[in-house]
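This report refers to the structure that appears directly beneath it.
The values are calculated or read from the model by the stated rules, or taken from the named source; none is laboratory data. All values reported here derive from a predicted model rather than from experimental measurement. Cβ placement follows ideal geometry from the backbone for every residue including glycine, while neighbour counts extend to all protein chains displayed. Quick note on the areas: whole protein, heavy atoms, side chains included, nothing else; ligands and nucleic acids left out. Shrake-Rupley method; radii C 1.70, N 1.55, O 1.52, S 1.80 Å.
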Amino acid sequence: MLGPGGVVIVGAGQAAAELAVSLRQQGYREPITLIGDEPSLPYQRPPLSKGLLTGALDAEALLIRGQAAYDKAAIMLRLGTRVHAIDAQQRSLLLDGGERLAYDALVLATGGRARRLTLPGAEHPRVLTLRNLADVQRLREHFVPGRRLLIIGAGYVGLEVAAVAAQAGLQVQVLESAERVLARVVSAQLSAYYQQVHRRAGVVISTGVTLHAIDEQPDGSLGVSAAGGATWTADVILTGIGLIPNVELAEAAGIAVDNGILIDEFGRTSAPAIFAIGDCANHFNVFAGRRLRLESVQNATEQARAVAAWLCGKRLPHRIVPWFWSDQYHLKLQMAGLSEGFDDVVLRGTLAGDSFLMFYRRDGRVIAVDAVNRPAQFMQVKRLIASGGEGFSAQQLADDEVSLKVAPAIVS
Ligand code: FAD
């Protein structure tokens, strides 16, 4: 069995890079090894559906750190390498080519993979997904003005790509099975607002669509058919229908899994010396009052810090107010909290002016907010939610003259 021991991190994405650096910053002195199956240094994924597609950024700009920073911190990178199995008894991993590697502590930061459609024809090579740099390269080949792009799924990824593609002169059609866009994450009012913004930009959106099949037409285009006989044709299809957490390694090692690898507030799994962080991990969220698996940069970062602290002998439980952002056209949308179970919505600002806050309340408390083009006030409301969401009447929330500042709270 070969070294190196110390902390071994499986996955070399956002959470892994944060953890490795955070470990060194907090004084960890043993070996740190990152093993990732992608060929690239760890990079940020949010620009994949934004600046990288437009060409405003190149892949180099996405790197979380350059090679020199890992060298300087003595962080060993094993890129293009897949971990196949964990032997939790022996505290070792099985890598490509049968190599075995020992660990003292193991951190699973394996992220997730794009969910694929299960329709007939969905395996066609021009039915694409978007999760990594290789996916962007495939999609960009089709970013030619006039091309017909059909997007299946009106979640964040689908709508961000729709915005970028429409601006690049493609003909964009979005198909969504729910009755409105972003149905899982925002109110009906905000869905209607986004739907309108996209329609103004020339994106055609169809909701309530139950797909049947995809097939290649004699002229080479892709035909899509749905219940009720509706059909569409496109040159390329992108599916944005969610993420499947990469939990198979953990599951095979007997670690508890339920919509993600189950962790506590320090990132510990059910197995000794094995931790999990980021998109693959499922934690009990104190603000939501239930277990959650979050897919966001902030969540990856916070959980990485909690595990780094634990491995350095400190206790820093993660307490994450779920938050996220999405850039579409000139709109910066930021969301914090979870709006499920809200009993009223209060608006500050105007939708027509593309600058507003939408507060979701339950029993008079602010439990979530959607902010469009209001980054400073968003930060204030995020703190308000973290501190319990109390202290503002509906009238005060709606009044732009009333400051939303609260005392600094437990949120980062
Ligand atoms: P990842 O970054 O996915 O890294 C996991 C890595 O582990 C991958 O490279 C994977 O290939 C590798 N791996 C898996 N299994 C193995 C194995 N067995 N052996 C070796 N390597 C393995 N978040 C936001 O907060 N705001 C946004 O606007 C936003 N936009 C996004 C847009 C897109 C298109 C995408 C895809 C994501 C976006 N996200 C956004 C989500 C955010 O990028 C993720 O939450 C974040 O990347 C999670 O980090 P992670 O380290 O958990 O997983």
* Structure fact -> Out of (1) crowded, with 18+ Cβ neighbours inside 10 Å; (2) touching a residue at least 60 places away in the same chain (Cβ under 8 Å); (3) assigned to a loop (DSSP other than H, G, I, E, B); (4) of a type outside the set (Val, Ile, Thr), the one His124 does not meet is (1)
* **Residue satisfying condition, being farther than 30 Å from Leu139 by Cα and in the same structural domain as Ser22 (by TED's automatic domain parsing), within set Val307, Val297** => Val307
* Residue pairs meeting the criteria (Cβ under 7 Å; at least 6 apart or on separate chains; first in contact (Cβ under 8 Å) with a residue 24 or more places away in the chain and part of a helix (DSSP H, G or I), in segment 291-304; second more than 6 Å from the ligand (Cβ to nearest atom) and hydroxyl-bearing (Ser, Thr, Tyr)) -> Glu302/Ser412; Ala304/Ser22
* Looking at Thr54, is it at pLDDT below 95, within 16 Å of the ligand (Cβ to nearest atom) and either open to solvent by 20 Å² or more (accessible area, probe 1.4 Å) or within 30 Å of Val203 (Cα to Cα) (or both)? -> yes
* Within segment 1-82, strands (runs of 3 or more DSSP E) holding 3 or more residues that are acidic (Asp, Glu) and assigned by TED's automatic domain parsing to the domain that holds Val144 -> none
* Asked: For Leu52, which of the numbered conditions (1) in contact with a Gly (Cβ under 8 Å, 6 or more places away or on another chain); (2) touching a residue at least 24 places away in the same chain (Cβ under 8 Å) fails to hold?
  -> (1)
* Only one residue in Val164, Val127 is within 24 Å of the chain's Cα centre (by Cα) and under 20 Å from Phe324 (Cα atoms). Which one? -> Val164
* **Pairs with Cβ under 6 Å, 6+ apart, first in segment 22-49 and under 19 Å from Gly111 (Cα atoms) and in contact (Cβ under 8 Å) with a residue 24 or more places away in the chain, second more than 9 Å from the ligand (Cβ to nearest atom) and of a type in the set (D, E, K, R)** => Ser22/Arg305
* To do: Kindly indicate which of Phe284, Phe275 is within 15 Å of the ligand (Cβ to nearest atom), touching a strand residue (DSSP E or B) at 6+ places or on another chain (Cβ under 6 Å) and outside any loop (DSSP other than H, G, I, E, B).
  => Phe275
